[in-house]
Structures are given as structure tokens and as C-alpha cells.
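What follows is one structure encoded as C-alpha cells, with my remarks underneath.
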Amino acid sequence: MVFDVKEYRKRMDGAVSALRNEFAGLRTGRANAALLDGIVVEAYGSMTPINQVASISVPESRMLLVSVWDKSQVGAVERALRQSNLGINPVVDGQTMRIPMPPLTEERRKDLTKIASGYAENAKVAVRNVRRDGMETVKKLEKNGEMSEDELKAHENDIQKATDSVIDLIEENLKTKSEEIMQV
């Protein structure tokens, strides 16, 4: 078996990708359609993601527009939006809902920054778990005689370099998101 560090780097990059998706759902001062991604609506007898019953657009920097496709689902979509923990208040106009984004308070901004830090820490844990898997794999290969001690050290070094670069990327993303949240 040949060891390939790229496979582990790909898994680490997956943690960064998941982090970016979580960050997209965090509310900043600006409207963002990804903010509503986690909302599910009770539609047609089952829980359905909001983007499968309506289209979401951003006509202005502080406004979201939700256009419900089926008139019978307007009430369910409004209910789901009001019950979300996003602190939004949709204004219904036929099959369209305007959602003004109220400015964030300083306290709420700090809370969101803490939440973002938690997401980043979870991503770092995921990356470290991938590193541990990689290290265990190369040690087994060396123990089974499939790789020399020099190759083991080289692969361990490669895995550590990949881990360090991905953790730096996570820190960069966190810093950017925190600045975005704290921006008034």
C-alpha cells in the first residue's frame, strides 16, 4: 500500500469547507441568503428546507426577499421564519416576504463572535482527528514493513505540515468572520 498525504489533506479541507458553511449561516450586519439555509418548513406533511419551497434573494444590503412558490405554504414559511432563533420579523405581502435585517447590538455581535470561535474550534478538532488517523496509518505501515523509518518520518512531517497549514487557514477564516461580525 502506498501512502498518499493528499487524501488526508482533502479530508482536512473538508473541515474548512464545513466551517465556511457554518460561518455563512451566522448573521452579520448584512443580509445573506445563506442565513436561511438552516430553516425547515413543515410543508406537505414533512419537514422541508426553506429553499425547496421558496426562492431567496437579497435585493438590498439589509433586506432578504423570500418568494414562496405555493400560496398554501406562505403561512408555514412565515411561521418557520418567526420561530427561527435568528431574530427576524418577516413582512408578508401576498406570496412574497420581505425580511428587514435589524442592526445587531454590541452584545449580540460578541455572542456571534463566540459562536464563530466555537465553530472554528470544532473544525480544528476535526483536522486534528484526520492528522491522528494519518499518523496511525503511517506507523502501521512502518510496523508491517511496508515503509522504511525514513519514509515514516517524511510522511509524518508532510501530515504535520498539512495540518499546520489548514489550522492557519481556519484561524484566517475566523479572523475574517469575526471582523465582519464586529463591523458596525
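The values are calculated or read from the model by the stated rules, or taken from the named source; none is laboratory data. Just so we're clear, the structure is a prediction, and the values are computed from it rather than from any experiment. Here the Cβ positions follow ideal geometry from the backbone for every residue, glycine too, while neighbour counts run over all protein chains shown.
Please go through the range 35-47 and give me each residue that is without any contact (Cβ under 8 Å) to a residue 40 or more places away in the chain and buried (at least 17 other Cβ atoms within 10 Å of the Cβ), ordered by number. Passing the criteria: Val41, Ala43. Which one of these is assigned to a helix (DSSP H, G or I) and in the same structural domain as Ser17 (by TED's automatic domain parsing): Val127, Val74? Result: Val127 is the single residue among Val127, Val74 that is assigned to a helix (DSSP H, G or I) and in the same structural domain as Ser17 (by TED's automatic domain parsing). Do we have Ile56 as over 23 Å from Thr176 (Cβ atoms), at pLDDT 90 or above and either of a type in the set (Val, Ile, Thr) or in the same structural domain as Ser148 (by TED's automatic domain parsing) (or both) here? Here the answer is yes, as Ile56 does meet what is asked.
Among the residues of the range 89-132 satisfying the criterion of being closer than 15 Å to Asp13 by Cα and of a type in the set (D, E, K, R), which is surrounded by the fewest Cβ atoms within 10 Å (Cβ to Cβ)? My answer is Glu121. Scanning the range 134-164 for residues that are among the hydroxyl-bearing types (Ser, Thr, Tyr) and surrounded by 12 or more Cβ atoms within 10 Å (Cβ to Cβ) gives Thr137, Thr163.
All of Ile181, Ile170 fail the test of being out of contact with any His (no Cβ under 7 Å at 6 or more places or on another chain), assigned to a helix (DSSP H, G or I) and under 22 Å from Val58 (Cα atoms), apart from Ile181.
Does Asp150 satisfy being at pLDDT 90 or above, closer than 28 Å to Ser17 by Cα, out of contact with any Pro (no Cβ under 9 Å at 6 or more places or on another chain) and not hydrophobic (A, V, I, L, M, F, W, C)? Here the answer is no, as Asp150 does not meet what is asked. Inclusion of Val16 among residues that are at pLDDT 90 or above and closer than 14 Å to Arg98 by Cα is not warranted. Residues considered: Arg30, Arg20. Of these, the only one that is touching a Ser or Thr at 6+ places or on another chain (Cβ under 7 Å) and basic (Lys, Arg) is Arg30.
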